[in-house]
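Right, one structure below, let's go through it.
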Amino acid sequence: MKKKRLSKQQLVEKQKLDEKKFNRTMLISFSILFLCLMSILIFYTYWCDTKYTWRKIAWYSEEVPEKLTCMNGDNLQIHESTKAVFEDKTYYFCSQACFNHLVKHFRKVAIVPDAFSGDSINKADAIIGLKNKE
(Lines give C-alpha, C1' and ligand atoms only; values in the text may rest on other atoms or scores of the structure.)
Protein backbone atom coordinates (compact mmCIF):
# COMPACT_ATOMS: atom_id res chain seq x y z
CA MET A 1 0.00 0.00 0.00
CA LYS A 2 1.15 3.41 -0.83
CA LYS A 3 0.87 6.23 1.62
CA LYS A 4 -1.00 9.19 0.40
CA ARG A 5 1.29 12.15 0.18
CA LEU A 6 -0.06 15.35 1.57
CA SER A 7 0.34 18.56 -0.26
CA LYS A 8 2.13 21.41 1.44
CA GLN A 9 -1.14 23.24 2.14
CA GLN A 10 -2.76 20.11 3.61
CA LEU A 11 0.28 19.53 5.80
CA VAL A 12 0.14 23.11 7.13
CA GLU A 13 -3.59 22.75 7.86
CA LYS A 14 -3.00 19.44 9.66
CA GLN A 15 -0.25 21.03 11.76
CA LYS A 16 -2.51 23.96 12.65
CA LEU A 17 -5.28 21.58 13.69
CA ASP A 18 -2.85 19.56 15.82
CA GLU A 19 -1.59 22.77 17.46
CA LYS A 20 -5.15 23.84 18.28
CA LYS A 21 -5.87 20.46 19.91
CA PHE A 22 -2.64 20.66 21.88
CA ASN A 23 -3.30 24.24 22.98
CA ARG A 24 -6.85 23.36 24.04
CA THR A 25 -5.60 20.38 26.03
CA MET A 26 -2.90 22.46 27.72
CA LEU A 27 -5.34 25.25 28.54
CA ILE A 28 -7.81 22.84 30.13
CA SER A 29 -5.06 21.02 32.04
CA PHE A 30 -3.52 24.19 33.44
CA SER A 31 -6.93 25.63 34.29
CA ILE A 32 -7.79 22.52 36.32
CA LEU A 33 -4.38 22.61 37.99
CA PHE A 34 -4.79 26.31 38.81
CA LEU A 35 -8.27 25.78 40.31
CA CYS A 36 -7.05 22.85 42.41
CA LEU A 37 -4.05 24.82 43.64
CA MET A 38 -6.18 27.87 44.50
CA SER A 39 -8.70 25.68 46.36
CA ILE A 40 -5.95 24.08 48.40
CA LEU A 41 -4.38 27.45 49.24
CA ILE A 42 -7.72 28.99 50.20
CA PHE A 43 -8.62 26.08 52.50
CA TYR A 44 -5.13 26.09 53.98
CA THR A 45 -5.24 29.84 54.62
CA TYR A 46 -8.83 29.97 55.90
CA TRP A 47 -9.04 26.53 57.54
CA CYS A 48 -10.15 27.86 60.93
CA ASP A 49 -12.90 29.98 59.40
CA THR A 50 -14.03 27.08 57.22
CA LYS A 51 -14.15 24.75 60.21
CA TYR A 52 -16.04 27.36 62.26
CA THR A 53 -18.62 27.86 59.50
CA TRP A 54 -19.05 24.11 59.10
CA ARG A 55 -19.58 23.71 62.84
CA LYS A 56 -22.30 26.37 62.82
CA ILE A 57 -24.12 24.60 60.01
CA ALA A 58 -23.63 21.02 61.20
CA TRP A 59 -24.36 21.65 64.88
CA TYR A 60 -27.56 23.60 64.37
CA SER A 61 -30.19 21.92 66.56
CA GLU A 62 -27.50 19.61 68.00
CA GLU A 63 -25.65 19.70 71.30
CA VAL A 64 -22.45 21.74 71.00
CA PRO A 65 -19.36 20.45 72.85
CA GLU A 66 -18.62 22.67 75.87
CA LYS A 67 -14.94 22.92 75.00
CA LEU A 68 -15.80 24.96 71.89
CA THR A 69 -17.80 27.68 73.67
CA CYS A 70 -17.02 30.70 75.78
CA MET A 71 -19.42 30.66 78.71
CA ASN A 72 -18.87 34.32 79.39
CA GLY A 73 -20.16 35.60 76.06
CA ASP A 74 -22.17 32.52 74.99
CA ASN A 75 -20.14 32.35 71.80
CA LEU A 76 -19.10 29.43 69.66
CA GLN A 77 -15.29 29.56 69.38
CA ILE A 78 -13.02 28.85 66.44
CA HIS A 79 -10.50 27.06 68.66
CA GLU A 80 -10.88 25.02 71.82
CA SER A 81 -11.59 27.02 74.95
CA THR A 82 -9.73 26.89 78.24
CA LYS A 83 -11.26 24.81 81.02
CA ALA A 84 -11.58 26.45 84.46
CA VAL A 85 -13.13 25.23 87.69
CA PHE A 86 -14.89 27.82 89.84
CA GLU A 87 -17.06 26.98 92.88
CA ASP A 88 -16.89 23.24 92.04
CA LYS A 89 -18.31 23.76 88.52
CA THR A 90 -16.43 23.47 85.24
CA TYR A 91 -16.62 26.45 82.88
CA TYR A 92 -14.98 27.06 79.50
CA PHE A 93 -13.52 30.43 78.44
CA CYS A 94 -11.77 31.87 75.43
CA SER A 95 -9.41 34.01 77.53
CA GLN A 96 -8.33 34.88 81.03
CA ALA A 97 -10.28 38.15 80.78
CA CYS A 98 -13.53 36.21 80.27
CA PHE A 99 -12.77 34.06 83.31
CA ASN A 100 -12.04 37.16 85.40
CA HIS A 101 -15.34 38.67 84.24
CA LEU A 102 -17.20 35.56 85.42
CA VAL A 103 -15.49 35.69 88.82
CA LYS A 104 -16.38 39.39 89.29
CA HIS A 105 -19.96 39.12 87.97
CA PHE A 106 -20.81 35.53 88.86
CA ARG A 107 -24.55 36.00 89.45
CA LYS A 108 -25.09 37.89 86.18
CA VAL A 109 -22.91 35.71 83.97
CA ALA A 110 -23.14 32.16 85.32
CA ILE A 111 -26.84 31.98 86.18
CA VAL A 112 -29.10 32.31 83.14
CA PRO A 113 -32.74 31.48 82.32
CA ASP A 114 -33.29 28.12 80.65
CA ALA A 115 -34.40 28.46 77.02
CA PHE A 116 -37.18 25.88 77.39
CA SER A 117 -38.47 26.02 80.95
CA GLY A 118 -37.54 29.59 81.89
CA ASP A 119 -36.01 28.44 85.21
CA SER A 120 -32.67 29.82 86.33
CA ILE A 121 -29.81 27.39 85.67
CA ASN A 122 -26.05 27.44 85.93
CA LYS A 123 -24.21 27.52 82.58
CA ALA A 124 -21.90 24.73 83.72
CA ASP A 125 -24.93 22.39 84.00
CA ALA A 126 -26.68 23.54 80.81
CA ILE A 127 -26.87 21.74 77.48
CA ILE A 128 -25.40 24.06 74.86
CA GLY A 129 -27.02 24.49 71.45
CA LEU A 130 -27.24 27.05 68.64
CA LYS A 131 -30.32 29.27 68.27
CA ASN A 132 -29.75 30.33 64.65
CA LYS A 133 -27.69 29.13 61.72
CA GLU A 134 -26.04 32.53 61.39
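Looking across region 5-61 at every residue that is small (Gly, Ala, Ser), more than 30 Å from GLN77 (Cα to Cα) and not in a loop (DSSP other than H, G, I, E, B), the one that is nearest to the chain's Cα centre (by Cα) is identified as SER31. In the set LYS21, LYS56, LYS14, only one residue is surrounded by 12 or more Cβ atoms within 10 Å (Cβ to Cβ) and not polar (S, T, N, Q); that residue is LYS56. From the list LYS108, LYS104, LYS56, LYS83, the one residue that fits, being in contact (Cβ under 8 Å) with a residue 24 or more places away in the chain and out of contact with any His (no Cβ under 9 Å at 6 or more places or on another chain), is LYS56.
Reported count of residues in region 95-121, each being farther than 24 Å from GLU80 by Cβ and either touching a strand residue (DSSP E or B) at 6+ places or on another chain (Cβ under 8 Å) or of a type in the set (Val, Ile, Thr) (or both), is 5.
Residue by residue, here is whether (1) surrounded by 10 or more Cβ atoms within 10 Å (Cβ to Cβ); (2) modelled with pLDDT of 80 or more; (3) in contact with a Phe, Trp or Tyr (Cβ under 9 Å, 6 or more places away or on another chain) holds:
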| position | (1), (2), (3) |
| --- | --- |
| LEU35 | yes, yes, no |
| PHE43 | yes, yes, no |
| TYR46 | yes, yes, no |
| TYR60 | yes, no, no |
| ASN75 | yes, no, no |
| VAL85 | no, yes, yes |
| ASP119 | no, yes, no |
| ASN132 | no, no, yes |
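Here's the yes/no breakdown for (1) more than 23 Å from ASP125 (Cα to Cα); (2) touching a Gly at 6+ places or on another chain (Cβ under 8 Å):
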| residue | (1), (2) |
| --- | --- |
| LYS20 | yes, no |
| ASN23 | yes, no |
| CYS36 | yes, no |
| GLU62 | no, yes |
| THR69 | no, no |
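Is region 32-52 home to any residue that is touching a residue at least 12 places away in the same chain (Cβ under 8 Å) and touching a Ser or Thr at 6+ places or on another chain (Cβ under 7 Å)? No, every residue in region 32-52 fails to be touching a residue at least 12 places away in the same chain (Cβ under 8 Å) and touching a Ser or Thr at 6+ places or on another chain (Cβ under 7 Å). Of all the listed residues (GLN10, GLN77, GLN15), the sole one being touching a Leu at 6+ places or on another chain (Cβ under 7 Å) and either of a type in the set (Lys, Arg) or without any contact (Cβ under 8 Å) to a residue 40 or more places away in the chain (or both) is GLN77.
The values are calculated or read from the model by the stated rules, or taken from the named source; none is laboratory data. The structure presented is a predicted model; accordingly, all values stated were derived computationally and were not measured. No Cβ is skipped: glycine too gets one built from the backbone with ideal geometry, and neighbour counts run over all protein chains shown.
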